[in-house]
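Asks: I'd like to ask you about the structure that follows.
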Amino acid sequence: MPESVPVRCPACRREHVYTAPVYPCACGTTAAPRLDRRAAPVVAEHRSWAEEWTGAVCAACGRLNHWPRPELGCPCGTVLLVPVLEADPGPGVRGEPSPAHAQASAARAEPRAARPDAPDAAPSRRAFRPHAVRTARDVVTATALYLRWLGYEDIRRADQRPTNGVGLAARGLLAQVEPTVRPAAPRDVECLWLTAMTESADCVYFSLAGYSEAARACADSLGVPLFVLDLAGVPQPVNDPAGALDADGAPEPGRRARRG
C-alpha cells in the first residue's frame with residue numbers, strides 16, 4: 001500500500017498530505033516510490049528531463065525502474081518536489097533486470113521459430129534495437145520503431161488526433177502513445193478502443209508512466225494490449241494481450257486479432 005507523508009509548502013506554509021503514486025513494473029508487480037519523511041520538499045524551479053525521474057528497485061524481480069519523481073502542486077501556484085529515498089540497486093542491477101528477469105526477457109525476445117515449444121511459429125525476427133528516451137519525441141520514435149519491428153507497415157501519424165498523447169497508425173492498427181509523466185486513465189483506453197472499432201482496426205497503447213489500476217482492468221476487459229516504455233526505449237508488455245503481440249508480432253494481412 002502506498003505511503004502518505006505530510007508536506008508543508010515553504011511559500012505559503014499550507015499543510016498537505018501527499019500519497020505516493022503506484023506504478024507497474026514490467027514483471028507485473030505494482031510498487032510506489034519510497035518517500036523520505038525526514039527531508040523537506042523542494043520548490044521546482046529549473047526543471048530538466050533527467051530530474052523528472054527517480055530510480056526504484058522492484059522488490060519482486062530486482063529490476064531498476066525509472067518512475068516520475070513525486071511532486072505536489074500547492075493552490076498558491078508552487079510546485080513541490082517530494083523527497084524520495086533513492087533505492088540502491090546493488091551489484092549486478094544498475095539499471096538492468098535481475099538475472100532471473102533478464103533470462104525471462106531474453107526468452108520472450110527470442111524469435112519464436114528458434115524456440116522448441118513453438119513448432120508452428122512465424123518466421124524469426126531480428127533482435128529489437130531500441131531508441132533511447134530523452135524527450136517526448138523519443139518516446140514516439142521508439143514506439144514507431146517497435147511497431148515496425150513487430151511487422152506493421154506504413155506507420156504514420158493517425159488522422160484523428162487523440163485527446164491525450166500522440167496517435168500513430170499502421171495498416172490495420174491504431175496506436176496511442178502517452179509520452180508524459182501522466183499515467184494513462186480508463187477513459188484513454190476506452191477512447192482508443194472505440195476509435196479503432198469505428199475504423200475496423202486493432203489497437204495498442206504505449207505509456208511512459210504506466211497505467212492506473214482502473215485503466216489496466218479496462219484494457220483487460222476490452223483486450224487492448226498495454227506497453228510501458230523504459231528510458232532505454234524498450235516497450236515492456238503489461239498485460240496478456242501485449243505479451244501475445246510481443247511474442248507473435250503483427251497479425252497476417254487480412255486477419256485481425258480478436259478483441260473484447
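The values are calculated or read from the model by the stated rules, or taken from the named source; none is laboratory data. Remember, predicted model here, so these are calculated numbers, not experimental data. Quick reminder, even Gly has a Cβ in these numbers, built from the backbone with ideal geometry, and neighbours come from all protein chains shown. To get the accessible areas, we keep the full protein, side chains included, count just its heavy atoms, and leave off ligands, DNA and RNA. Shrake-Rupley method; radii C 1.70, N 1.55, O 1.52, S 1.80 Å.
Asks: Looking for something polar (S, T, N, Q), at pLDDT below 60, under 17 Å from the mean Cα position of the chain (by Cα) and crowded, with 16+ Cβ neighbours inside 10 Å - is there at least one such residue anywhere in segment 97-115? Explain how you work it out, then say what you get.
Replies: Our first condition is that a residue be polar (S, T, N, Q); within segment 97-115, this holds for 98, 103, 105.
Filter once more, keeping what is at pLDDT below 60: 98, 103, 105.
Still in the list and also under 17 Å from the mean Cα position of the chain (by Cα): 105.
Add one more test, that the residue is crowded, with 16+ Cβ neighbours inside 10 Å, and what stays is 105.
Yes, segment 97-115 has at least one match.
Per-residue answers, yes or no, for (1) in contact with a Pro (Cβ under 9 Å, 6 or more places away or on another chain); (2) closer than 18 Å to T180 by Cα; (3) at pLDDT 85 or above; (4) open to solvent by less than 70 Å² (accessible area, probe 1.4 Å):
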position: P6; (1), (2), (3), (4): no, no, yes, no
position: R13; (1), (2), (3), (4): no, no, yes, no
position: Y23; (1), (2), (3), (4): yes, yes, no, yes
position: T29; (1), (2), (3), (4): no, no, no, yes
position: R37; (1), (2), (3), (4): yes, no, no, no
position: V43; (1), (2), (3), (4): yes, no, yes, yes
position: E52; (1), (2), (3), (4): yes, yes, no, yes
position: V57; (1), (2), (3), (4): yes, no, no, yes
position: C74; (1), (2), (3), (4): no, no, yes, yes
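Asks: A follow-up question, please. Quick one: which of L222, L226, L174, L231 is under 12 Å from the mean Cα position of the chain (by Cα) and open to solvent by 10 Å² or more (accessible area, probe 1.4 Å)? Even if it seems obvious, please write down each step before you answer.
Replies: Values: L222 fails: under 12 Å from the mean Cα position of the chain (by Cα); L226 fails: open to solvent by 10 Å² or more (accessible area, probe 1.4 Å); L174 fails: under 12 Å from the mean Cα position of the chain (by Cα).
The unique qualifying residue is L231.
Asks: If you check every pair at least six apart or on different chains, which have Cβ atoms under 7 Å apart with a residue in segment 231-248 that is in a helix (DSSP H, G or I) first and a residue that is among the aliphatic types (A, V, I, L, M) second?
Replies: Close Cβ pairs (under 7 Å, with a partner that is among the aliphatic types (A, V, I, L, M)) amount to P241/V224; A242/L226; L245/L150; L245/V204; D248/A122.
Asks: What's the number of the condition A209 fails, among (1) open to solvent by less than 10 Å² (accessible area, probe 1.4 Å); (2) over 19 Å from R148 (Cβ atoms); (3) touching a Ser or Thr at 6+ places or on another chain (Cβ under 8 Å); (4) not in a loop (DSSP other than H, G, I, E, B)?
Replies: The one condition A209 does not meet is (4).
Asks: Only one of these conditions is not met by L147: (1) open to solvent by less than 10 Å² (accessible area, probe 1.4 Å); (2) closer than 24 Å to C58 by Cβ. Which number is it?
Replies: Of everything listed in (1) open to solvent by less than 10 Å² (accessible area, probe 1.4 Å); (2) closer than 24 Å to C58 by Cβ, L147 misses just condition (2).
Asks: What is the one condition in (1) open to solvent by less than 40 Å² (accessible area, probe 1.4 Å); (2) within 28 Å of H66 (Cα to Cα); (3) touching a residue at least 60 places away in the same chain (Cβ under 8 Å) that L192 does not satisfy?
Replies: Evaluating L192 over (1) open to solvent by less than 40 Å² (accessible area, probe 1.4 Å); (2) within 28 Å of H66 (Cα to Cα); (3) touching a residue at least 60 places away in the same chain (Cβ under 8 Å) leaves (3) as the failure.
Asks: Residue under question is G167, and the condition is that it be under 16 Å from the mean Cα position of the chain (by Cα) and modelled with pLDDT under 95; does it hold? Full working, then the answer.
Replies: On the way: under 16 Å from the mean Cα position of the chain (by Cα): yes; modelled with pLDDT under 95: yes.
For G167, the condition - under 16 Å from the mean Cα position of the chain (by Cα) and modelled with pLDDT under 95 - is met.
Asks: Being at pLDDT below 85, loosely packed, with under 13 Cβ neighbours inside 10 Å and not in a loop (DSSP other than H, G, I, E, B), is that true of even one residue in segment 122-130?
Replies: Within segment 122-130, not a single residue is at pLDDT below 85, loosely packed, with under 13 Cβ neighbours inside 10 Å and not in a loop (DSSP other than H, G, I, E, B).
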